[in-house]
Every structure is written in C-alpha cells, then in structure tokens.
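Student: First, the structure itself, so that you have it in front of you.
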Amino acid sequence: MFRHKLRLRARRQWLLGRAIRRRRRLKPLLDNTASIRPGDILLFMAVRNEITRLPYFLDYYRRMGVRHFLVVDNGSDDGGREYLAGQPDISLWLTHASYKDARFGMDWLNWLLRRHGSGHWCLTVDPDEFLVYPHCDTRPLQALTDWLDASAIKSFSAMLLDMYPKGRLSDQPYLPGRDPFTIARWFDPANYSIRKNALYGNLWIQGGVRGRVFFHDDPENGPALNKIPLVRWERWYAYASSTHMLLPRALNLVYDEEGGEKASGCLLHAKFLSTIVEKSDEEMARRQHYADSREYRAYHTGLRDGPQLWCEQSCELRDWRQLEELGLISKGNWA
C-alpha cells in the first residue's frame, strides 16, 4: 500500500510537471478570466472543428448555470474558433500542437484547471457530452454543488450514456443550434460491464451500444464509459486518463463500497449523429486519438454500410427519473 501511495504521488507530480511545461504551447486569444468570480462554476474543454455543436452546447450549459468557459482550440478551420472568440463568457487559447502528444488534450486542460480552476467547481467535458443529474429539470447545477459542498464531497461521477437515433444516421441531418436529443433519443438500458481499477480505485465501465455494435468481437478494448467530470478543483489535482480518473486517488471513490449508493449522473453522449461520418474520416486521417485512433477506425468500418444502432431493446429517453429507475444515475442522499 505504501509503495502504491508513492507511485501515485510520483505519477501526479509527473502529470502536473507535463501540464506546466506544455502551457507554453497554448497561445491566449481571448482572456476574460478576470471576470471569473468566487463561486462561479467553470467549464473546461478542448475542441477541434465543432462549429455545428457549439451553439446548443453553450446554451445548454449556460442554462444549467456554468458562468465561464475555458476552451482550448486545437487548430480548427471550420469557423469555430472565430465563433468562440465572439462570446463574452469564454476565454480561448489556440494550439497547433499534437493532441496525441498532449495526452489527448489533458496536459492543456490540467494546466488551465491548475491556473484558473482552483477553489471552483469545474466541469470538464467534450463538446458532445451533456450532463444530466438528479433534479436537473428543477434545480440548477449550483444546487448540486452546494449540496456536494455541504456533504464534504469533492467529486461527482457521471456515466457516459451513448444516445442514437432510430433509423440511419444520415436520415436526420444535424443542424447547428438544434437540440441533438430531438434526433438521438434512444439508448441501451443495459449491456454494461463494470470492474474496479485496483491501483486508482475508480470503476471502469464498458459496453452499451458501442460494445454491442462496434466492439462486439473485442469488448475489452471498447471505450470506457466511466467519467468524473465535476470536481471541486485544487491546484495539486490532475486528471490521469481523460476524465476517467484523477489524482489524488480519493477523488475516484465516487461509489459506496458498503453496498449503498452515492449521488451520480449521466453524460448524454451525442456522438452518433449524421456528423460522425465526416468526423471519423477526419480523425482517421489525423490519427491523433488513443491507440492510433482505434475507436475511430471501428466507427469508420462499422458505419460504412449505414447500419441502424437502434434495436428492440433500445429505450427512448424521457427524463432523469427514468435513468434513475434503470440504475444509470442515483440521487444517493440528495433528497
């Protein structure tokens, strides 16, 4: 156990050192961080060519209660960077450096979290991830973070829930500003595996529609669905592998080992829209994602013949209560 602690401490210091060194690769384009106030909830993300998604994404999280967005643009050429630069509640950095060599963007985000996130509740997500939590239809995100503070809870987990349409992806084109879940309204209610990472202590979840359709012959290499996107950040914290796990290790213990339940949410994942075909082509050419873009290679192959992701066991999304009934999110002790 002592060796494990030393190993994780050294790993955290190494991650922070990488983040500090790679800050030099970020060029500030728009710095509105002086407007950040104590108690503001902040959102951090890295983007590339996501202009189609950005209008609804920003509106969704503004309505939820996010007060400032800190964004790294990795060389977009679709007008997204110019769109972001016109927003008053955004601070924007540009880099043309390798996404892969920055640990898939996490070196950049760890630096921004360290520099600007300390003392704030910070939400770190991708532009196709939309947080849903218990009571989200009636209580803003600030109500959740206030309860987490009162309960001395510093991190909040959310399983990535892949959403998809009924019918072929190309049948319903996704347009900028549109709610993606008017199209991608379906999800797999089961078909998930879960295990514990002995070193980091986090849960590792796989399966769902991506396991069923794209990784059915290789389930162990399917994408991880466990996320810890919402954290009350401190300068010595660091994401160790995307937002799947953090250091210090205690931040990963977002479940009750005694058989009870802790509050948790879902990240509705709007990846499977008509835009994924073009996106997978781009990422196949760039090869900047994990394991030589193995995930995007699976999408590229699996989507070639225009399959339907929907099946007879698929569920149509209603609300967070439905997800709670299915055991995909939990209220825990938050009444």
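Student: Find, to one decimal place in angstroms, the Kirkwood hydrodynamic radius of the chain, where the mean of 1/r is taken over every pair of different Cα atoms and then inverted.
Tutor: Computed over Cα pairs of the chain, the Kirkwood hydrodynamic radius comes out at 20.4 Å.
Student: Once fully extended, how much extra length lies between Arg9 and Tyr192, figured as 0.36 nm per residue of separation less the alpha-carbon to alpha-carbon distance?
Tutor: Extra length available between Arg9 and Tyr192 comes to 62.7 nm.
Student: Too long at a 23 Å Cα-Cα cut-off: which of Lys196/Lys279; Lys100/Lys154; Lys166/Lys331; Lys271/Lys331; Lys100/Lys166; Lys227/Lys271?
Tutor: Lys196/Lys279; Lys100/Lys154; Lys166/Lys331; Lys271/Lys331; Lys100/Lys166
Student: Now, a different point. What stretch of the chain, leaving out the sites themselves, is the longest with no trypsin sites (Lys or Arg not before Pro) in a DSSP loop having at most 10 other Cβ atoms within 10 Å?
Tutor: 1-303
Student: Once you compute Rg and the Kirkwood Rh from C-alpha atoms, what is the Rg to Rh ratio for segment 1-97?
Tutor: 1.08
Student: At 0.36 nm per residue, and after removing the present C-alpha to C-alpha distance, how many nm does the segment from Arg37 to Trp236 gain when stretched out fully?
Tutor: That works out to 69.6 nm of additional length.
Student: Dividing the alpha-carbon Rg of segment 104-185 by 2.2 N^0.38 Å yields what?
Tutor: Taking the Cα Rg and dividing by 2.2 N^0.38 Å, one obtains 1.40.
Student: Which cross-chain or sequence-distant (5 or more) residues have an amide H under 5 Å from the amide H of Met245, H modelled 1.01 Å from N in plane?
Tutor: The list, which skips near neighbours in sequence, is Ala240.
Taken together, the values in this text are just the output of simple stated rules run on the coordinates, not laboratory data. Keep in mind the model is a prediction, meaning the values are calculated, not measured. Neighbour counts are summed over all protein chains in view; Cβ atoms, including those assigned to glycine, are modelled from backbone coordinates with ideal geometry.
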